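The values are calculated or read from the model by the stated rules, or taken from the named source; none is laboratory data. Predicted model, so just to flag it, every value in this text is computed and none were measured. Here the Cβ positions follow ideal geometry from the backbone for every residue, glycine too, while neighbour counts run over all protein chains shown. For the accessible areas, the whole protein counts, side chains as well, though only heavy atoms, and no ligand, DNA or RNA atoms are used. Shrake-Rupley method; radii C 1.70, N 1.55, O 1.52, S 1.80 Å.
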Amino acid sequence: MHLIHGLSFNNLRGDLLGGLTAAVVALPLALAFGVSSGAGAIAGLYGAIFVGLFAAMFGGTPSQVSGPTGPMTVVMASVFTQFVAIDPQSGPLLAFTVVIMGGFFQVLFGVLKLGKFVTLVPFPVISGFMSGIGIIIILLQLGPLFGFPASASVLESFQAIPVYLDQPDGAALLLGGTTLAIILFCPRKLATLVPPALIALVVGTILYLTLHGDKSLAIIGHIPTGLPEIRWPVVSISLLQEMLFAAVMLAVLGSIDSLLTSLVADSMTKTVHDSERELIGQGLGNMVAGLFGGLPGAGATMRTVVNIKAGGTTPLSGMFHALVLIIIVLGAAPLAENIPHAVLAGILIKVGLDIIDWRFLRRFYRAPLFVVCLMLLVMGLTVFVDLVTAVFVGVFLANVVTVKRLSENQLDSIRIIDSHAGKDEGLSKRERRVLQDSQGRIVLYYFDGPISYASAKRLSAKLDDARPHDALMLDMGHVPFIDVSTALAIEDIILDAHKVGRDVHIIGLNAIVKDILVRLRILDLIPSQFCHEKRAEALEAAFQVLIWDELN
């Protein structure tokens with residue numbers, strides 16, 4: 001097992017070209033994300049460097065390029081604003097400590113092998129929260145686009161829209177509008193040579209310097225050069241709960257964002273990523289980024305796609321992308337000091353537009369009502385509450401509906417077989433004869449597949465609809481597994497049968513199902529002679545018991 005997953009030097013030229021191209025794409029985005037977060041442009045560059053380097057070295061998706069992304073920046077902006085407002089002096093250190101903690105949680109997710117569960121988040125939930133993140137980015141950048149300071153919250157930005165429209169700064173709107181127009185309408189042939197965001201960044205900055213020169217417009221300002229200093233973690237006991245909540249939010253969002261990008265990389269390279277290793281790599285990257293004052297990051301879809309199309313297929317491409325950005329920070333950072341915030345706002349508005357799930361929105365009217373309502377609910381919670389609440393509420397509701405549908409299907413698959421059984425019930429002649437001889441006093445319940453807790457609980461109601469009988473046969477020969485809640489529901493069925501004087505027989509328990517019932521002492525409720533392996537033998541034994549009861 002290699003220390004670096006997927007490392008190979010057989011595609012060195014393609015990896016170097018892919019890494020260089022990804023770095024060119026990452027540069028304007030890193031600057032924009034850094035400014036948008038409130039931590040400064042250099043924090044975006046440090047995040048792109050450290051997350052990009054360590055996620056490539058220790059991650060599980062060889063062709064993936066990582067760094068600050070729109071969703072992670074939205075959360076980081078909220079975290080940074082929250083802790084700086086509480087404590088202006090140590091607030092930034094607390095925010096970067098949250099980044100380190102979030103990275104630790106991601107490593108923990110990987111060690112506990114939770115990656116495979118992240119990809120099971122239902123589509124409407126992913127669509128809703130990604131679209132919500134896109135809307136958040138757009139709303140937060142409206143202020144800088146119109147020449148106003150960025151709002152601290154989405155609600156403030158939304159409420160300030162009339163002011164933006166009534167009193168816009170013409171110069172800022174010209175720069176931001178030009179930037180956005182260049183990105184949106186850049187010719188495809190030119191876009192394949194140079195990333196549109198980089199073209200827009202250069203053109204917007206030159207336009208500001210040559211045509212305007214208005215020093216009242218907000219610009220990036222001083223960017224430190226050289227290697228970053230270590231920012232040792234600081235923990236406030238009084239704020240520990242808020243820090244843990246923010247860290248979990250970053251970890252969950254970063255895991256989802258990264259693994260979704262891993263799936264995109266898999267589809268393009270015809271490979272299969274290692275989810276657990278990817279989470280560990282992303283977590284290590286975020287821990288180091290937080291230690292050096294960088295933004296948290298995740299697998300970046302746009303940069304990964306550009307890398308693969310340029311020929312990058314191994315971790316060398318992601319590592320080289322980080323190396324190129326290090327060189328830029330060491331020598332060329334001052335060149336970015338005059339970039340106006342309005343230009344960065346234009347770039348980020350395009351990022352927000354790209355994150356919104358237009359593919360689903362175009363088919364909105366064709367989707368089932370529940371899917372539409374769930375997507376809108378998650379999107380609304382994402383925009384106006386927080387991302388973790390949105391995801392948890394969405395997953396919970398989706399699972400409730402899924403369990404309901406599964407239980408209905410399972411109930412439909414449960415067959416009630418009595419003395420009127422026909423040839424199409426799948427019984428042998430011997431079994432049908434016993435049932436007919438019992439004259440309805442024996443009822444066989446045949447379970448065809450897994451039993452969920454919901455279906456087991458509703459089975460009691462179905463039992464009440466059956467004809468009066470003296471012996472209940474639970475044929476579980478085709479039940480592969482049950483959980484504790486299902487076992488307890490079966491216990492209720494047995495107890496209810498005993499209350500009205502019915503015998504209960506169980507047939508065909510496999511080792512897994514039997515182990516659960518034994519552990520919970522549910523089989524103690526049934527005499528050992530009423531536990532059978534074969535259905536025919538069970539029916540005959542039940543019939544003999546009924547005859548014996550009649551004679552005595």
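Kirkwood's formula applied to the C-alpha pairs of the range 315-374 gives a hydrodynamic radius of 15.6 angstrom. The residues of the range 1-108 have, on average, 33 Å² of accessible surface per residue, using a 1.4 Å probe with all protein chains present. Treating each Cα of the range 204-329 as an identical point scatterer and summing with the Debye formula, the log10 of I(q)/I(0) at q = 0.10, 0.11, 0.16 Å⁻¹ comes to -0.49, -0.59, -1.00. From helices alone, the chain scores -21000 deg cm²/dmol at 222 nm; the rule is -39500 (n - 2.57) for each run of n ≥ 4 DSSP H residues, then divide by the residue total. To test your reading of the geometry: what angle, between 0 and 90 degrees and rounded to tens, separates the Cα axis of helix 240-269 from the longest principal axis of the chain? That works out to roughly 90 degrees. Name the shape class, rounded, prolate or oblate, that the alpha-carbon gyration tensor gives for the range 1-63, where a ≥ b ≥ c are the square roots of its eigenvalues, rounded holds for a/c under 1.5, and otherwise prolate holds if a/b is larger than b/c and oblate otherwise. Oblate. The angle between the Cα long axis of helix 535-551 and the longest principal axis of the Cα atoms of the chain comes to about 40 degrees, rounded to the nearest 10. Across the accessible surface of the range 75-187, with the other protein chains kept in place and a 1.4 Å probe, carbon and sulfur atoms take up 73 percent. Each semi-axis of the equivalent ellipsoid for the range 73-114 is √(5λ) with λ an eigenvalue of the Cα gyration tensor; in descending order they amount to 25, 10, 5 Å. Spatial offset of the range 41-117 relative to the range 347-400 amounts to 23 Å, using the alpha carbon center of each. Under the combined filter of DSSP loop state and at most 11 neighbouring Cβ atoms within 10 Å, the range 107-198 retains these trypsin sites (Lys or Arg not before Pro): K113. Centroid-to-centroid, using Cα positions, the range 220-282 and the range 189-204 are 28 Å apart.
Compute, for T192, the solvent-accessible surface of its heavy atoms (probe 1.4 Å) with the complete set of protein chains present, and express it in square angstrom to the nearest 10. Approximately 110 Å² for this residue. Residue separation of Q544 and D515 scaled by 0.36 nm, minus their Cα-Cα distance, works out to 7.6 nm of gained length. Scan the chain and hand back the longest stretch that contains none of the GluC sites (Glu not before Pro) lying in DSSP loops with at most 11 other Cβ atoms within 10 Å. No qualifying site falls inside 230-532, the longest such stretch. Beyond 25 Å, the tail of the calculated P(r) for the range 284-409 holds 52 percent of the Cα pairs. Given a Förster distance of 35 Å, report the FRET efficiency between I4 and K116 from their Cβ-Cβ distance, rounded to the nearest 0.05. Here the calculated transfer efficiency is 0.95. Rg over Rh for the range 26-94 works out to 1.04, using Cα positions for both radii and the Kirkwood form for Rh. Along the axis of the charge dipole computed for the chain (Cβ charges of +1 for Lys and Arg, -1 for Asp and Glu, origin at the Cα centre), the listed residues L435, F105, I493 are led at the positive end by F105. Taking the square roots of 5 times each eigenvalue of the Cα gyration tensor of the range 278-333, largest first, gives ellipsoid semi-axes of 20, 17, 9 Å. Considering only G312, P162, L377, the residue lying farthest towards the positive end of the dipole of the chain is G312, judged by Cα position with unit charges set on Cβ. Look at the Cα gyration tensor of the range 143-292: its axes a ≥ b ≥ c give a/c of at least 1.5 with a/b at or below b/c, and that counts as oblate. Would the range 46-200 count as rounded, prolate or oblate if I go by the C-alpha gyration tensor, calling it rounded below 1.5 in a/c and otherwise prolate when a/b exceeds b/c, oblate otherwise? Judged from the Cα gyration tensor, the range 46-200 comes out oblate (a/c at least 1.5, b/c at or above a/b). Normalising by residue count, the chain has a Cα convex hull of 202 Å³ per residue. With one equal scatterer per alpha carbon and no solvent term, the Debye-computed log10 I(q)/I(0) for the range 156-234 at 0.13, 0.23, 0.27 1/Å reads -0.64, -1.07, -1.23.
Considering only S36, W232, L353, and ranking their Cα positions along the charge dipole of the chain that arises from unit charges at the beta-carbon of Lys, Arg, Asp and Glu, the one farthest toward the positive end is L353.
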